[in-house]
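Encoded as C-alpha cells, here's the structure I'll be asking about.
What follows draws every value from the coordinates through simple rules; no lab data is involved. All of these numbers come straight from a predicted model, not from anything done at the bench. Cβ placement follows ideal geometry from the backbone for every residue including glycine, while neighbour counts extend to all protein chains displayed.
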Amino acid sequence: MVQSAGSCVVTGGAGFIGCALSGPLADAGYDVVAVDVLHPQVHERRERPAALDERARLEVADVTDAATWDRLLERLRPDVVVHLAAETGTAQSLTESTRHAHVNVVGTTTMLDALVRHEVLPRRVVLASSRAVYGEGTWVGADGQAVQPGQRSHAVLEAGRWQPEGLRPLPAGDPRMVPAPTSVYGATKLAQEHVLRAWALAVGVEPVVLRLQNVYGAGQSLSNPYTGIVPLFARLARAGEAIPVYEDGAILRDFVHVGDVARALLAAVTQDAVPAGAVDIGSGTATSIHDLARRVAARYDAPPPQVTGRFRDGDVRAAWADVTRAHDELGWSPSVELPEGLEELCAWIDEVQGADIIG
C-alpha cells in the first residue's frame, strides 16, 4: 500500500492533461481532487471522463466562483495545488478576450483569495503555463545579435512576409528569450505567472511554473475546435481530405506527448527543490507544420497536404523548447518521440471512430 503523500487539488483536473496526471499522482500517494466545470466545449457529454483515474474525486464546479472554493476548503486542506484550469484557444481569445481573462486571471485570483481567506496555504502551487507567453520570441542575426521582431501585423501576414528576413529563431529556454505575448491567451497566461509568483512569495508558498509547448496524445478532446492541430490533422486525413497547411508550411512547433507532460508536472509536485523561474517543457525538437501534415497524411494514405497561404492573426512563426533546464532542475526529459506519439494518437482516433471520450 502506498503511503499517503497528502492531498492534491488539480484545477481543470478532468481535462486532457488532468486525466493523464491523475493516475501518476494517485500512484505517488496523493489524495487527488479534480475540480472542473466540465465546459461543453471540451466535455461534450458533461460527465466524468473515463480517462480520469478512479481514485480521483471529481468536484464539478467553477474555479472563478468564490463559493466553489468556500465549499471545497471547508473540508479540505490541500498540500499541493496543480493549476491547469484555463481557456486555451489562441485564435478564440481574440474574439472572447473577456472569457479568457475571466477564467485565466480572475479564476486564479479567486482561488488564491480563498486559500488566504480560509487560512489554508498549500506547500506548493504548480502552474501549467504556456509557450504562448513568449509571443514571437527572440531571433538572432548573422552577427549573433539578439532581436525582438515583435508581433506580425495583419498587413505583414497578408503580404506573405512570414518571417523576419535574415534572422533565425531561438528556442524557449534560451536566456535571451523574453516573454512578449502576441495573443490575448498568451497575455493572460503571463499574467497568471506574475500573479502566482507575487502572491506565493508574499505568503510563503512555493510557486512552480511550467511553460508547456503543444501538448498532444490519445484522449485529447475531438469535439473542441480549439483542441490542437495534431488531432485536427488526423481527423481530416482519416476522412480522406487534404490537410490545409497555413502560411508557407514552414511554421515551427514543438509537439510534446501528454504522458511526458504528466511526468513533468508530477516532478514539479514531488521534487524537493523548487526551480528558479519558469521551466520550459517540450520535446526539444522543432517540427514544421508541413512535415507534421505529411506524416499524418501518410499514416492514412490521404492526399498530400495543401499549402494554402492562409494565416491566423496573432499566431507566431516559430516555437519550440530547449529542455536543458527541465533536465537539470526537474530531473525530467521527454521520452516519447513524434512518430511514436502520432501512431498512438491515430490508433486511438481509429478506435473511437472520432468520438470524444474525454467528456
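In segment 6-352, what percentage of the DSSP-assigned beta bridges are antiparallel, given to the nearest 5? It would help to have the intermediate numbers written out before the result.
On the way: 6 of 41 bridges.
Expressed as a percentage, antiparallel bridges in segment 6-352 total about 15.
Let me ask something else about it. Could you pull out every residue, at least 5 positions away or on a different chain, whose amide H is within less than 5 Å of the one on V245? Hs are placed 1.01 Å off N in the peptide plane, and Pro or chain starts have none.
Q306, V307, T308
I've got another one for you. Just the number, please: percent antiparallel of the DSSP beta bridges in segment 208-316, rounded to the nearest 5.
Values: 2 of 10 bridges.
In segment 208-316, approximately 20 percent of DSSP beta bridges are antiparallel ones.
OK, next. State to the nearest 20 debye the size of the charge dipole of the chain about its Cα centre, where the only charges are +1 on K and R beta carbons and -1 on D and E beta carbons.
On the way: 31 positive and 45 negative charges, 81 e Å.
That gives a dipole near 380 debye.
Show me, for segment 136-144, the HN-Hα J-couplings you get by feeding each phi into the Karplus relation (A = 6.51, B = -1.76, C = 1.60, θ = phi - 60°), rounded to Hz, glycine and proline as x.
Per-residue couplings from phi come out as 6, x, 10, 10, 10, x, 4, 7, x Hz.
Can I ask one more? Would you work out the relative contact order for the chain, in percent, from Cα pairs under 8 angstrom that are 6 or more residues apart?
Working: 769 pairs, mean separation 70.4, N = 359.
About 20 percent, as a whole number.
Obtain the nm distance between the two label points defined at A276 and R312 by a simple spin-label model: each point lies 7 Å from its Cα along the Cα-to-C-beta direction.
3.6 nm
To the nearest 0.05, how large is the calculated FRET efficiency for T109 and A298 if R₀ is 56 Å and r is the Cβ-Cβ distance? Walk me through the intermediate numbers first.
Values: r = 47 Å, r/R0 = 0.83.
Efficiency at R0 = 56 Å is approximately 0.75.
Would you calculate the separation in nanometres between label points at L201 and A5, each defined as 7 Å from the Cα along the Cα-to-beta-carbon direction?
Between L201 and A5, the label points sit 2.7 nm apart.
In the chain, which longest range has no trypsin sites (Lys or Arg not before Pro) that are both DSSP loop (not H, G, I, E or B) and surrounded by at most 13 other Cβ atoms within 10 Å? List each step's numbers first, then the result.
Details: sites that count: R46, R55, R75, R123, R161, R176, R310.
In short, 177-309.
Hey, could you grab the Kirkwood Rh for segment 203-359? Inverse mean 1/r over distinct alpha carbon pairs, Å, one decimal.
Numbers: mean 1/r = 0.0600 Å⁻¹.
One decimal place: 16.7 Å for the Kirkwood radius.
Write down the radius of gyration of segment 6-352 and its Dmax, each obtained from C-alpha positions, in Å.
Looking at segment 6-352, its Cα Rg and Dmax stand at 19.8, 60 Å.
Per-residue ellipticity at 222 nm for the chain, helices alone: DSSP H runs ≥ 4 residues times -39500 (n - 2.57), over residue total, nearest 500 deg cm²/dmol? Show your work: numbers first, answer last.
On the way: 12 runs with 122 residues, N = 359.
Rounded to the nearest 500, it is -10000 deg cm²/dmol.
A follow-up question, please. Taking the Cα centre of segment 6-352 as the origin and placing charges on Cβ (Lys, Arg +1; Asp, Glu -1), which of L210, H154, T188 is farthest toward the positive end of the dipole?
Of the listed residues, the answer is H154.
Step through the residues of segment 237-242 one at a time and calculate ³J(HN,Hα) from phi using the Karplus curve (6.51 cos²θ - 1.76 cosθ + 1.60, θ = phi - 60°), rounding each to whole Hz and writing x for Gly and Pro.
Listing the rounded values in order: 5, 4, 7, x, 8, 6 Hz.
Are there GluC sites (Glu not before Pro) in segment 10-106 that DSSP marks as loop and that have at most 14 other Cβ atoms within 10 Å, and which are they? Could the numbers behind the result be given before it?
Values: sites: E44, E47, E54, E59, E74, E87, E96; in loops: E44, E47, E54, E74, E87, E96.
Here the GluC sites (Glu not before Pro) that fit, given the DSSP loop and packing criteria, are E47, E54, E74.
Moving on to the next point. Subtract the Cα-Cα distance of V140 and L121 from 0.36 nm times their separation in residues, and report this length gain in nm to one decimal.
Working: separation 19, 0.36 × 19 = 6.84 nm, distance 4.30 nm.
Result for the pair: 2.5 nm of gain on full extension.
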